[in-house]
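The values are calculated or read from the model by the stated rules, or taken from the named source; none is laboratory data. Remember, predicted model here, so these are calculated numbers, not experimental data. Quick reminder, even Gly has a Cβ in these numbers, built from the backbone with ideal geometry, and neighbours come from all protein chains shown. Protein only, heavy atoms only, side chains kept; ligands, DNA and RNA dropped before computing areas. Shrake-Rupley method; radii C 1.70, N 1.55, O 1.52, S 1.80 Å.
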Amino acid sequence: MSNLKTKEIDDEGKKFGVPKFWYRSSVVNLAEARDYAEAEMPEDFLFDGCYPFKVLYADNTISDALDEGKLPVAIVLSPRYALKLVKPEDFKKIRCSYDKAMALVKEDVLGYKSTAGSRKFWEIMVAMNARELFRLRQQMKHLGCVPLGEQCWINEELNSDYAWRASFGDKALATCRKCYFNEVWSIIEI
């Protein structure tokens, strides 16, 4: 890498207040450096006052605009599915064993059917690139909710002792003993 290119990347890092180590080992061009530095900024998920993911509100409206007068219920991930939001005071409820988790997610959400999500759904979610996952978690925080964790139950059993879970750290689906505690997220079919 030329000294001029290195200087441009150093300047870009200083502009965003990003430590030097992140681009020295992995970023090779200025565009990547800028994208990475901007992703580190907490406000990055808002673009022109809009969220990157649409929000389902309690009045059954869906919008990507920031609307402080409405109660957000879920983040819309596709035309068919939404991820129910969880307030910090309710987080302990969603961290539970498999059997409790499956009973918990069946609660009615604004009249929509809700489950823990299929294997196919979670395969797509764990394959989400790091930047999109970061934006999703930042949007959840901005809405005053707990962000999506690293491991969560899936609506599918392997046998009487094991069930499937999604692991964002490993970017894979794995089996886990049903007695262990993982998060469970209600996936709403809209």
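Structure summary
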{"quantity": "Matching residues, segment 177-190, being assigned to a strand (DSSP E or B) and touching a residue at least 24 places away in the same chain (Cβ under 8 Å)", "calculated": "Asn182, Glu183, Ile187, Ile188, Glu189"}
{"quantity": "Residue match in segment 60-82 (condition: of a type in the set (Val, Ile, Thr), outside any loop (DSSP other than H, G, I, E, B), open to solvent by 50 Å² or more (accessible area, probe 1.4 Å) and more than 17 Å from Cys152 (Cβ to Cβ))", "calculated": "yes"}
{"quantity": "Residues located in segment 166-176, provided they are under 22 Å from Arg80 (Cβ atoms) and either open to solvent by 60 Å² or more (accessible area, probe 1.4 Å) or assigned to a strand (DSSP E or B) (or both)", "calculated": "Ala166, Leu173"}
{"quantity": "Conditions (1) modelled with pLDDT under 95; (2) among the basic types (Lys, Arg); (3) farther than 27 Å from Ile62 by Cα; number of the one not met by Arg135", "calculated": "(3)"}
{"quantity": "Residue that is surrounded by 12 or more Cβ atoms within 10 Å (Cβ to Cβ) and modelled with pLDDT under 90, where the choices are Glu43, Glu8", "calculated": "Glu8"}
{"quantity": "Qualifying residues in segment 149-171 (those that are aliphatic (A, V, I, L, M) and at pLDDT 95 or above) - the one farthest from the chain's Cα centre (by Cα)", "calculated": "Ala163"}
{"quantity": "Candidates Lys100, Lys93, Lys70, filtered to the one that is of a type in the set (Lys, Arg) and under 20 Å from Leu136 (Cα atoms)", "calculated": "Lys70"}
{"quantity": "Members of segment 177-190 found to be surrounded by 19 or more Cβ atoms within 10 Å (Cβ to Cβ) and of a type outside the set (Lys, Arg), listed by number", "calculated": "Asn182, Glu183, Val184, Trp185, Ser186, Ile187, Ile188"}
